[in-house]
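Participant: My questions all concern the structure below.
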Amino acid sequence: MAYILQQSVNGIPLAALYALLAFAYSVAFAVTRRADITIGALFAFSGQIFALFFFIAWQRYWLVLPLCLAIGAAAAFLYTGLAATVIGRHVLQPLGRSEPHAVIVGGFAVMIVLMEIARLASETRSIWLPPLLKTPVTLLSVDGFAVTLTEMQMLNIALMLGVLALLALWLARASWGRRWKAVRDDPLAAELLGVDSRSVFIEAYVGAALVATFAGLLMTAYYGTMDFGAGLMFGLKVVMLGALGGYASPLKSAAGGAILGFAETLWTAFGPLALRDIVMFSALVYILVMTRREQLAP
């Protein structure tokens, strides 16, 4: 029983991560209406840039740890924000007006470019951060077994859920949220009412990329590194979760992401690790097929 409780608690950080990424992707997907993996690619890219600039400040200039973290985070937001602006304006927006599958191809091309930029900048080596906030905090004790989370895990959970709550509130109450809903429901009608749908498109995509950057920084600080191939895996996962939740409900996509995070953690604890991703993707495909609704075009 104690082991099950510990594994369930271990699933909370991953559930919070997937929920935040799924929410961000759903906001972008609502206006692009095209499946693309670039949000996951930017998530991984931001973590790699964070680790790279931290390494430069730490190893070459011998700066103090907080300053190194701040430099890495600032560089990650700067480079990822610039990349997202270029991708949204010059790749996704033009391709979105053409063949739907062109966005998928363009997304893979963007992922490869970002992955190669990070790999070459890092000289094809994995950069590791020093352990951060690794002290375990006991949440409860069951039959002498302490159920714990590290300080970094608890900080990640609090920050991710806090940002998710603020984003949901802002999307529901802010004027930009109303413009986003108008473009989501009918871009042409929104244009007739004076809403610049192209600006909303870019703002939604860049905003989603910055949220993914925030998540990438937290996960890189927790795990200590970001793999060069992580963009593909996370990109595919958030696309599946976004499709499951639907473009009309970012919170529903976030709930689906949280469920997937718990499922992955429990499978890692009780099932063969080599089959984890196969099982998770198969389950997502099955759910999508079974819940698919066909609508006749008017």
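The values are calculated or read from the model by the stated rules, or taken from the named source; none is laboratory data. The structure presented is a predicted model; accordingly, all values stated were derived computationally and were not measured. Glycine gets a Cβ as well: all are built from the backbone with ideal geometry, and neighbour counts include every protein chain shown. Side chains are part of the model used for accessible areas, which takes the heavy atoms of the whole protein and leaves out ligands, DNA and RNA. Shrake-Rupley method; radii C 1.70, N 1.55, O 1.52, S 1.80 Å.
Participant: Taking a ≥ b ≥ c as the square roots of the Cα gyration tensor eigenvalues, with a/c under 1.5 meaning rounded and otherwise prolate when a/b beats b/c, else oblate, which class fits region 94-210?
Facilitator: It is oblate, given that a/c is not under 1.5 and a/b is not larger than b/c.
Participant: Another question, if that's okay. Report, to the nearest whole %, how much of the accessible area of the chain belongs to carbon and sulfur atoms, 1.4 Å probe, protein only.
Facilitator: 69 percent
Participant: Taking every Cα atom in region 143-298, find the radius of gyration and the maximum pairwise distance Dmax, and write them in Å.
Facilitator: According to the Cα coordinates of region 143-298, Rg and Dmax are 18.7, 66 Å.
Participant: Which one of 93, 59, 153 has the biggest mean-square fluctuation once the chain is modelled by GNM with Cα springs under 10 Å?
Facilitator: Looking only at 93, 59, 153, the largest GNM fluctuation is found for 59.
Participant: Please list, ordered by chain and number, the residues whose modelled amide H lies under 5 Å from the amide H of residue 150; skip anything fewer than 5 residues away on the same chain.
Facilitator: Result for residue 150 returns 137.
Participant: In addition: Would you list, by chain and number, the lysines whose Cα falls below 18 Å from the Cα of residue 252, excluding same-chain residues fewer than 8 positions away?
Facilitator: Filter leaves 181, 237.
Participant: Here's a follow-up. Counting other Cβ atoms within 10 Å of each Cβ, which trypsin sites (Lys or Arg not before Pro) in region 24-109 have at most 16 and sit in a DSSP loop?
Facilitator: Passing both the DSSP loop test and the Cβ count: 33, 97.
Participant: What 222 nm value per residue comes from the helices of the chain, counting each DSSP H run with n ≥ 4 as -39,500 (n - 2.57) and dividing by all residues, nearest 500 deg cm²/dmol?
Facilitator: -25000 deg cm²/dmol
Participant: Measuring with a 1.4 Å probe in the full set of protein chains, what accessible area per residue, in whole Å², belongs to the chain?
Facilitator: About 50 Å² of surface per residue is accessible.
Participant: Sticking with this one: Going by a ≥ b ≥ c, the root eigenvalues of the Cα gyration tensor, does region 1-73 fall in the rounded group (a/c under 1.5), the prolate group (a/b larger than b/c) or the oblate group?
Facilitator: Oblate shape, in that a/c is at least 1.5 and b/c is the bigger or equal ratio.
Participant: Continuing with this model, one more query. With springs only between Cα atoms under 10 Å apart, run a GNM on the chain and tell me which of 221, 212, 168 wobbles the most.
Facilitator: Most flexible of the set in this elastic network: 168.
Participant: What is the mean projected area of the alpha carbon convex hull for the chain, to one decimal in square nanometres?
Facilitator: With the hull built on Cα positions only, its mean projection is 17.5 nm².
Participant: Evaluate E = 1/(1 + (r/R0)^6) for residue 5 and residue 283, where r is the Cβ-Cβ distance and R0 equals 22 Å; express this FRET efficiency to the nearest 0.05.
Facilitator: E(calc), rounded to 0.05, equals 0.40.
Participant: Residue by residue, what Karplus-based ³J(HN,Hα) values in Hz, rounded to whole numbers, does region 201-217 have, using 6.51, -1.76 and 1.60 with θ = phi - 60° and x for Gly and Pro?
Facilitator: Working through the residues one at a time gives 4, 5, 5, 5, 5, 5, x, 4, 5, 5, 5, 4, 4, 4, 5, x, 5 Hz.
Participant: Something else about it: Residue 185 versus residue 140, label points 7 Å from Cα toward the beta carbon: distance in nm?
Facilitator: 4.4 nm
Participant: Turning to a different aspect of this structure: Could the peptides 275-282, 174-181 be put in order, highest first, of the mean number of other beta-carbon atoms found within 10 Å of their residues?
Facilitator: 174-181, 275-282
Participant: Right, something else. How many angstrom lie between the Cα centre of region 166-191 and the Cα centre of region 1-70?
Facilitator: The distance from the Cα centre of region 166-191 to that of region 1-70 comes to 26 Å.
Participant: So what's the angle, to the nearest 10 degrees on a 0 to 90 scale, between helix 151-173 and the longest Cα principal axis of the chain?
Facilitator: Tilt relative to the chain: about 20 degrees.
Participant: Ok, one more. Over the residues of region 48-137, compute the C-alpha Rg and express it relative to 2.2 N^0.38 Å.
Facilitator: Compared with the compact-globule rule of thumb, region 48-137 sits at 1.39.
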